[in-house]
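A.B. asks: This is the structure I want to talk about, given as structure tokens.
The values are calculated or read from the model by the stated rules, or taken from the named source; none is laboratory data. Bear in mind that the values here come from a model prediction, so they are computed numbers and not experimental data. Positions of Cβ are generated from backbone atoms using ideal geometry, with glycine treated the same way; all protein chains shown enter the neighbour counts.
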Amino acid sequence: MGMKSIRFIILFSFAILLSANHAYGVSIYGIEFLNNILYEPGQTLEYSYSFGNNDGVAGDYEIVMKGDLSEYFEISQTEFLNVQPMERKNFKIKIRLPDSAPQRGLSQVLVGVQQRPPENLGGIAVRTRSNIHFLIFFPYEFKYVDWSIKAENMNVNETQEMTFTVQNLGEPTIDRIYSDIDIINQDNLVVETVRSGIIQNLISRQKLTEKAYFNSEGFLPGDYTARFTLHWDSNISTQERTIKIGKKNVEITGFTDLFKRDAINSMGISIKSGWNTRIDNVYANVEIFDTEDSTVKARFQSLPSSLSPWAEQGLQAYFDTTGLEKNSYKAIITLYYDGSKTIKEGHVTIEDTVPGAVIVESPAAEGGYFLQLLRNNVLTTILVILVLANIILFGAVLISKKKHDMDEDNPLIHPKTIKEIKKYKQHHSIDDIHAMLKKKGWSEEHIKYIMKKIK
């Protein structure tokens, strides 16, 4: 192919694009745009719609139909001339179904609104058509059902309703319908079978729901299969659902184990719920021990959180490594939730540098607090800022009071100070509060008085 031919094709394509830049827009307004109809002999239905010209210029519009059953559809008006921009036009669709079914099974009819292209428009005219869908089902001459099942997750030692819903989509009446529900474990063994109630004399087009009750007492937590076997007269159909049987247990699946020395480090604790119920106020206590003499080097607590059924998420804590040597330490994490607890042991390591860590440097390391922006966690950075702000404000309140003498009849420790320490106590141990007050310069006499007030 020569250069002239290539140049001609490019120019021709560009000319087509220039002449086809006028697209037509139309919107249909109504209640339903996908209409499901179950055939009834001699049935008459009517639907109201409107459409709008979104094209920006006046235009002519038409309503068209497509489908084997179009002969049973009537449109109140099929042509609309000189429709102005943003103008709406109303129309109605009336369906008159015959007294006897013209076919069996599912059929579809599309009713569309489209714009007629101007007669003097050259090139290729692109136009948009909006459709309304009508799905019409004609019951079969033989026995036929459509059915669905419902089986939800549960906990051990609970009773749950399992249901099936069945509709007769054949002409003959179905005399007797029921379901056996097998509970199957992960070894593919049937460990329980329950039977539903019985539906009798389900006539054509009728839909009903029946239920069975399953009790999980004595079952081990885990995944099971609920297999529904539907008996409808001499016919059998099956469907399955996977269900979880839960136990009140929250696992600790992992935690941050590398931290920077002389810094306040962000510590993530990953947890996973095995319970089919929401759990509020989930939190973790963390203890750091010397691996040689088992002395406690640090204690701290995560921020509390709520845990949705079967959820996997993280808790956030902050580990101050100020004064701790570069070394490996034993860590014991105790997770508390709804009166229960889970304990996990492991090791953490403190290094001089930790790439990518969430860190707020301590005064011992840099001579003052400053925030090091995270490379990968903006939310954690914000949390660190908020925690630091609260610590600094709390410390300022304590320092402003530490020079005052205490009078038993009229203590100079301000009530607001006691109130702030009580808030601090919600997430810190008495030992942590004692150590913090002592570090801030309070006397043993004042600390003793504060401890008495916050008990």
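A.B. asks: Would you check if there is a residue in segment 278-286 being farther than 20 Å from Ala435 by Cβ and of a type in the set (S, T, N, Q)?
C.D. replies: Among the residues of segment 278-286, at least one is farther than 20 Å from Ala435 by Cβ and of a type in the set (S, T, N, Q), which makes the answer yes.
A.B. asks: Just one of the numbered conditions (1) within 42 Å of the chain's Cα centre (by Cα); (2) assigned to a strand (DSSP E or B); (3) modelled with pLDDT of 90 or more is not true of Ser27; which one?
C.D. replies: Every condition holds for Ser27 apart from (3).
A.B. asks: Regarding segment 251-265, can at least one residue be identified that is under 30 Å from Arg299 (Cα atoms), in contact with an Asp or Glu (Cβ under 8 Å, 6 or more places away or on another chain), β-branched (Val, Ile, Thr) and surrounded by 20 or more Cβ atoms within 10 Å (Cβ to Cβ)?
C.D. replies: yes
A.B. asks: Would you mention how many residues in segment 318-343 are modelled with pLDDT under 95 and of a type in the set (Val, Ile, Thr)?
C.D. replies: Residues meeting the conditions: 2.
A.B. asks: Okay, next question. Mind counting the residues in segment 44-63 that are over 41 Å from the mean Cα position of the chain (by Cα) and modelled with pLDDT of 95 or more?
C.D. replies: Going through segment 44-63 one residue at a time, the tally reaches 1.
A.B. asks: Okay, next question. State all residues of segment 241-291 that are farther than 22 Å from Lys341 by Cβ and free of Cβ contacts under 8 Å to residues at least 40 places away in the same chain; if no residue qualifies, say none.
C.D. replies: Selection gives Thr242 alone.
A.B. asks: Here's a follow-up. From (1) within 24 Å of the chain's Cα centre (by Cα); (2) at pLDDT below 95, pick out the condition that doesn't hold for Ile252.
C.D. replies: Here Ile252 clears every test but (2).
A.B. asks: Another question about this same structure. Yes or no: Ile264 assigned to a strand (DSSP E or B) and within 20 Å of His428 (Cα to Cα)?
C.D. replies: yes
A.B. asks: Under 8 Å between Cβ atoms, at least 6 apart or on separate chains: pull out the pairs that start in segment 301-312 with a residue that is farther than 12 Å from Leu335 by Cα and end on any residue that is basic (Lys, Arg) and surrounded by 15 or more Cβ atoms within 10 Å (Cβ to Cβ).
C.D. replies: That search, which allows pairs on different chains as well, returns Trp310/Lys244; Ala311/Lys272; Glu312/Lys272.
A.B. asks: Another one. Out of segment 302-323, which residues are part of a strand (DSSP E or B) and more than 14 Å from the chain's Cα centre (by Cα)?
C.D. replies: Hits for segment 302-323 are Ser305, Ser306, Gly314, Leu315, Gln316, Ala317, Tyr318, Phe319, Asp320.
A.B. asks: Give the residues of segment 197-242 that are in contact with a strand residue (DSSP E or B) (Cβ under 7 Å, 6 or more places away or on another chain) and either at positive phi or outside any strand (DSSP E or B) (or both), sorted by residue number. Break it down stepwise before answering.
C.D. replies: Kept after step one, since they are in contact with a strand residue (DSSP E or B) (Cβ under 7 Å, 6 or more places away or on another chain), are these residues of segment 197-242: 197-216, 219, 221-233, 236-242.
Those that are in contact with a strand residue (DSSP E or B) (Cβ under 7 Å, 6 or more places away or on another chain) and either at positive phi or outside any strand (DSSP E or B) (or both): Gly197, Ile198, Asn201, Ile203, Ser204, Arg205, Gln206, Ser216, Phe219, Pro221, Gly222, Asp233.
A.B. asks: Check Ser294, Ser273 and return the single one that is surrounded by fewer than 14 Cβ atoms within 10 Å (Cβ to Cβ) and not basic (Lys, Arg).
C.D. replies: Ser294
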